[in-house]
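One structure is given here, and the rest of the page talks about it.
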Amino acid sequence: MLYRTAIESFENWKKNGGKKALLVTGARQIGKTFLIREFARKNYENFIEINFVTQSSAKQIFEGDLHADAIIQGITALTKKKVEEGKTLIFFDEIQECPNARAAIKFLVDDGRFDYVESGSLLGVQYKTVKSYPVGYEHIVQMFPMTFEEFCIACGVQKSTFELLENCYNNLKAVPEAVHGTMKQLFQTYTIVGGMPAAVQEYISSHDIAKVVEVQKDILALYRQDIAKYSDKDKEKISTIFDNIPSQLDSKNRRFKLNAIRSTARMERYEESFIWLHDAGVAIPCYNLVAPLIPLKLNEQSNLFKLYMADVGLLCASCIDNVQFSILNGDLSVNMGSILENVYAQELLSKGFEVRFMNKKIGEIDFIIQNNGKALPLEIKSGADYKKHTALNNILSVEEWNLKNALVFCAGNIEQEESVTYLPWYMIIFLKKNEIQKNTIFEVPLNGI
């Protein structure tokens, strides 16, 4: 079984009594259903699973009045499975196919006899079809492709190795060369295998990259089928944007340019298509900042952005050139800049960061994240000249922005020079999101009135 950190979120939900339904979202083929089944096996005596794609007749249960007793009666009649109060988990899979079931969640949660999990791959693009959105009745956990840390665990990296690396990270000590070299090789392998569980499992089983690529191409084909099936309009625009992500990332500045698709293309005509891909979980938009000032959201420039694939392995499989062979043979120059950036876009997203970059006359910074109430610039370097970073030096020198620190992820070992910390690529594992915790209780004194 492939270990996924998301199961800890499932466990925390259960510890809190399952007072809401657990809604697990994320792109197709990232392992949601498998993990929910494993969670149910370990934590419940009874488990009922209804898949609204393979069991389309189940939709009839939700066509009448949405009363808990009637719905539960319909579920037990359909599945012929035992239910016990407080010991049963009912799982609605592919719930986007049955909007009425999503609307019924609030009645089932209020009933309180059983725990409920919902899952779907395209909930973000199907929300308009839900008649009554169950606000306040769902605890949402978003899943992503397997992170580099999860990939390392699947490959057999031991807990003691992670502890050694984390100690080096926290104390800014160089990683022993033997460990450093192996971790770099694992990271390069991750850039081509990616985090789709089926692709990772194929790699663990066979170590045959050709078979891994075949798995990835099947997933890409499934994504294209989803675009054709679920996009109400602009199917051609969405498909064209999706297919153009690799070539746009391989361009000089990697920004997504509509005129590369069609000379007459305008943002206002394509905006909904970009939103669809983001909501479907298959693409990651990274917006430009006009200034690295907190809060970063207020300084976004929404008409200037990069568009990454949700999974770097799928990006490699989409490339025309045989980049997998080049990367495995140590040639990191071929498309490596865009591929490395894609890794960090998905890693940052999985850690809860919003991804943004900054392009100004003084240069371009790959990513700027908001952490601990401050802006933190990140540069991702693929070459040996990783200490050459004019744009980063320029942005750190602007007094009004008051940027104190920056990170450079590179092929080298851990070093610190003034305000710049150099970290090996694989150290992204230990970058955590730390938000300033403030006392949120505030009471207005009413003595004067």
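The values are calculated or read from the model by the stated rules, or taken from the named source; none is laboratory data. Keep in mind the model is a prediction, meaning the values are calculated, not measured. We place every Cβ from the backbone using ideal geometry, glycine too, and count neighbours over all the protein chains shown. In case anyone asks, the SASA skips ligands and DNA or RNA and just uses the protein heavy atoms, side chains included. Shrake-Rupley method; radii C 1.70, N 1.55, O 1.52, S 1.80 Å.
How about region 166-180: which of its residues are open to solvent by less than 30 Å² (accessible area, probe 1.4 Å) and in a helix (DSSP H, G or I)? Listed by number, the residues that qualify are CYS168, HIS180. Summed over region 297-329, the residues that are open to solvent by 50 Å² or more (accessible area, probe 1.4 Å) and farther than 17 Å from LEU348 by Cβ give a count of 10. If the condition is being open to solvent by less than 70 Å² (accessible area, probe 1.4 Å) and out of contact with any helix residue (DSSP H, G or I) (no Cβ under 9 Å at 6 or more places or on another chain), then region 1-11 contributes only SER9. Being within 26 Å of the chain's Cα centre (by Cα) and either of a type in the set (Val, Ile, Thr) or under 18 Å from LYS432 (Cβ atoms) (or both) is a condition met by at least one residue of region 379-391. Condition check for TYR116 on (1) more than 22 Å from ASN16 (Cβ to Cβ); (2) of a type in the set (Phe, Trp, Tyr); (3) at pLDDT 95 or above: one failure, at (1).
Say whether the condition of being outside any loop (DSSP other than H, G, I, E, B), open to solvent by 10 Å² or more (accessible area, probe 1.4 Å), free of Cβ contacts under 8 Å to residues at least 24 places away in the same chain and farther than 27 Å from SER326 by Cβ is met by at least one residue in region 373-385. Within region 373-385, not a single residue is outside any loop (DSSP other than H, G, I, E, B), open to solvent by 10 Å² or more (accessible area, probe 1.4 Å), free of Cβ contacts under 8 Å to residues at least 24 places away in the same chain and farther than 27 Å from SER326 by Cβ.
Let's see how each residue does on (1) among the polar types (S, T, N, Q); (2) in contact with a Leu (Cβ under 7 Å, 6 or more places away or on another chain); (3) surrounded by 14 or more Cβ atoms within 10 Å (Cβ to Cβ); (4) modelled with pLDDT under 90:
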site: LEU349; (1), (2), (3), (4): no, no, yes, no
site: ARG356; (1), (2), (3), (4): no, yes, yes, no
site: LYS361; (1), (2), (3), (4): no, no, no, yes
site: ILE395; (1), (2), (3), (4): no, yes, yes, no
site: THR440; (1), (2), (3), (4): yes, no, no, yes
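Return a yes/no flag: does region 416-426 have any residue that is at pLDDT 95 or above, of a type in the set (A, V, I, L, M), open to solvent by 20 Å² or more (accessible area, probe 1.4 Å) and part of a strand (DSSP E or B). No, there is no match, as no residue in region 416-426 is at pLDDT 95 or above, of a type in the set (A, V, I, L, M), open to solvent by 20 Å² or more (accessible area, probe 1.4 Å) and part of a strand (DSSP E or B).
Filtered by the rule that a residue be assigned to a loop (DSSP other than H, G, I, E, B) and at pLDDT 90 or above, region 119-139 gives a lone residue, TYR137.
Just one of the listed residues (ALA406, ALA384, ALA411) is touching a Lys or Arg at 6+ places or on another chain (Cβ under 8 Å) and closer than 22 Å to CYS168 by Cβ, namely ALA411.
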